Amino acid sequence: MPSITFPEAQPSGSFSCGAYALTAALKAFSPVTTKPYPIKLKHLEVPTTEVTIDGTETDKELAEKIYQITGDLKIGGTLTAPVFTYQLAPDLNNSPSALAYVAKQFGRTVTINVIKDFKSSLTVCQATANGLLNGLPGEAARCGPNATVNAPGGTGVVDGVPYTAPANDEVQLLCVMNSDRSMHWLARGANGFYDPGDASIASMWTAIAVNADGAMTITGGYTFTGIWMVLK
């Protein structure tokens, strides 16, 4: 699988982790895009906004441009009963559907996975995935035009799939949860996990394991939500 060498971290206090993780994943491929520049990105919300990628952007400039499109998810409510709404506004979270859309515009084939048997909620991972799907009932359909979705409402396996490491031609984006239950995105390549929070790349996390049910657990502040994206 491609290695991640992205040196930039998201601005402190920002919610742009998904955009930075996606940029790191795209930059792991050579070439970065299989489509010609300029790449025109349009926000899914109305009134829409358009962002032009011309290929001259620095790493940080590219991530910030992408965030103008991917930052479309407002999370409200409480820690145990979050409320999700789509908006066109600054300083919002990154939705899988917007991340998938941008990745496709760069010529990538995108698959969005949910952990197998999530409805059982037998593990923290499965319960978290089930809660997120219930909170965002239309997200699979929003992802559909740009990705194969292995979840209800998608075109793939409706009861999810086990987690597996990226194949040789793949990079992953993983949705994880902080200790305060806020969402965060990581990217995984051949050399480990890129964390947009500090631009670190953890090549050997001994606390990462794949359980019998296919759920990946991460200590060190993160819990895997059971939702991940595969780019190739």
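The values are calculated or read from the model by the stated rules, or taken from the named source; none is laboratory data. Only a predicted model underlies this, so the values are computations on that prediction, with no experimental measurement involved. Counting neighbours? That spans all protein chains shown, and the Cβs are built from the backbone with ideal geometry, glycine included.
Considering LEU99, LEU92, which residue is of a type in the set (A, V, I, L, M), within 17 Å of LEU173 (Cα to Cα), in contact with a Leu (Cβ under 9 Å, 6 or more places away or on another chain) and modelled with pLDDT of 90 or more?
Numbers: LEU92 fails: within 17 Å of LEU173 (Cα to Cα).
From the options LEU99, LEU92, the qualifying one is LEU99.
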Residues of region 21-60 being crowded, with 18+ Cβ neighbours inside 10 Å and modelled with pLDDT under 95, which ones? HIS43
For GLY107, only one of the following conditions fails: (1) out of contact with any Lys or Arg (no Cβ under 9 Å at 6 or more places or on another chain); (2) touching a residue at least 60 places away in the same chain (Cβ under 8 Å). What is its number? (1)
What do you reckon, is ALA129 within 15 Å of MET229 (Cα to Cα) and at pLDDT below 95? yes
